[in-house]
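Following: one structure in structure tokens, then a few remarks.
The values are calculated or read from the model by the stated rules, or taken from the named source; none is laboratory data. Nothing here was measured: the structure is a model prediction, and the numbers come from that model. Counting neighbours? That spans all protein chains shown, and the Cβs are built from the backbone with ideal geometry, glycine included.
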Amino acid sequence: MSNQPDRIIIFDTTLRDGEQSPGATLNADEKLTIARALSRLGVDVIEAGFPYSSVGDFEAVKSIAETVGTADGPTICALARATENDIKAAGEAIAPAIKGRIHTFIATSDIHLQYKLRKTREQVLETIPKMIGYATTFTEDVEFSAEDATRSDREFLYQVVESAIAAGAKTINLPDTVGYTTPEEFGSLIRGLKANVPNIEEAVISVHGHNDLGLAVANFLSAVQNGARQLECTINGIGERAGNAALEELVMALHVRRQFYNPFFGREPESEAPLTNINTKEIYKTSRLVSNLTGMIIQPNKAVVGGNAFAHESGIHQDGVLKNKQTYEIMDAESIGWTSNQIVLGKHSGRNAFGSRLRDLGYELSETELNKAFVRFKDLADKKKVVTDWDLEAIVNDETQQA
Ligand code: KIV
Ligand code: ZN
């Protein structure tokens, strides 16, 4: 029986792996605000947190499950190590969601087994079916990850995956935990699973990867060519160490180059049917929101959402773009919802224009916060002819830090 979707499932882990970026801690309200934005963006699955790790995270996952996990909303997922306590906490936290998923994991590489888990391969093979079976008592939607899959012995990994699927895992995730693999190697790992795991078609193959060598997005695209159908990613690529694969880069690569990717989904190259459910026009706003709430600044030359991503400095480029944008642009800023500031904000601007620009930049302020920020804006506008988006962000960030 084949369980393969005919498009890519976007699994967003900004609120779990993304929040593991040093210094990026979010409170429950901030997590909920981001979860709502992710739902508007159209992600299929939100990994909302790791409930057993703290009471705060348990409550945050539960409140996202209650509020965002509606019938037409995304699946709400919680992370759990392959232990009963973790799985129980995850199961209870996602319970209010209409569609809830438990994502349980255990390491499979010898280096993790020997030094971290101090377990043998046999012990890992015993744990997996027990814990997946336990997870299925909370939800039918169980995902299993073989942590450090890309540094695991292939034959052992095949055994692990087969037993996880037999125990009820509907999604098999292959994490490149330390960002070590390369595109060709990741592709060959998936080909290997397809050739050697007899029940592989019963599960969706997912990939998860870190950016230690700057290869996460390239690795994922190779995985897609070889049959991966779920991509685990974060907004702005935030996450442990050098971060995770960036959602906006993956989605726009699949969108801009769809003629190349369509045939891997059995489609005609010219097909216009989207390869993901993402509403690309929400990308810029969501990116700004995540940057503002986590405090993780986006480098100007960051692909897709960096301040310079659509800027042209040299005279030759400017001349080309003025004649025809496609000379130096492969996508429209508008396609990611980056509206150029049509209304110039200055001392004559009103509160509505000010509020609307802030919403475009991803800020959702309360009435009181908006009023306070507006007073500071007027003050600045008296001293400066034009108030830029960067000035607005400085005003709002100052306001929220003082609150
Ligand atoms: O990088 C990793 O291996 C993870 C797993 C928990 C999926 O984040
Ligand atoms: Zn990770």
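Can you say whether Gly23 is more than 16 Å from ligand 1 (Cβ to nearest atom), farther than 18 Å from Glu92 by Cα, of a type in the set (Gly, Ala, Ser) and part of a loop (DSSP other than H, G, I, E, B), as far as the supplied structure shows?
Details: more than 16 Å from ligand 1 (Cβ to nearest atom): yes; farther than 18 Å from Glu92 by Cα: yes; of a type in the set (Gly, Ala, Ser): yes; part of a loop (DSSP other than H, G, I, E, B): yes.
Criteria met by Gly23.
Kindly indicate whether any position in the stretch 335-353 is under 22 Å from Val305 (Cβ atoms), of a type in the set (Gly, Ala, Ser) and in contact (Cβ under 8 Å) with a residue 24 or more places away in the chain.
Yes, some residue in the stretch 335-353 is under 22 Å from Val305 (Cβ atoms), of a type in the set (Gly, Ala, Ser) and in contact (Cβ under 8 Å) with a residue 24 or more places away in the chain.
Under 9 Å between Cβ atoms, which residue pairs at least 6 apart in sequence (or on different chains) link something in the stretch 201-219 that is on the phi > 0 side of the Ramachandran plot with a partner that is within 14 Å of ligand 2 (Cβ to nearest atom)?
Gly214/Gly179; Gly214/Ala242
Restricting to the stretch 200-246, name every residue that is within 13 Å of ligand 1 (Cβ to nearest atom), more than 27 Å from Gly266 (Cβ to Cβ) and not hydrophobic (A, V, I, L, M, F, W, C).
Of everything in the stretch 200-246, those that are within 13 Å of ligand 1 (Cβ to nearest atom), more than 27 Å from Gly266 (Cβ to Cβ) and not hydrophobic (A, V, I, L, M, F, W, C) turn out to be His210, Asn211, Asp212, Thr234, Gly239, Glu240, Arg241, Gly243, Asn244.
Could you run through the stretch 274-303 and say how many residues are among the hydrophobic types (A, V, I, L, M, F, W, C) and free of Cβ contacts under 8 Å to residues at least 12 places away in the same chain?
Total satisfying the criteria: 1.
What tally of residues in the stretch 241-260 results from selecting those that are surrounded by fewer than 19 Cβ atoms within 10 Å (Cβ to Cβ) and in contact with a helix residue (DSSP H, G or I) (Cβ under 7 Å, 6 or more places away or on another chain)?
Total meeting the criteria: 1.
On the given criteria, is Ala35 more than 16 Å from ligand 1 (Cβ to nearest atom), over 20 Å from Thr104 (Cα atoms), assigned to a helix (DSSP H, G or I) and not hydroxyl-bearing (Ser, Thr, Tyr)?
Answer is yes for this residue.
Considering each of Ala245, Ala303 in turn, give the residue that is farther than 27 Å from Arg359 by Cβ and hydrophobic (A, V, I, L, M, F, W, C).
Ala245
For Asn236, indicate whether it is surrounded by 15 or more Cβ atoms within 10 Å (Cβ to Cβ), modelled with pLDDT of 95 or more, in contact with a strand residue (DSSP E or B) (Cβ under 7 Å, 6 or more places away or on another chain) and outside any loop (DSSP other than H, G, I, E, B).
Yes; evaluated as a whole, the condition is true for this residue.
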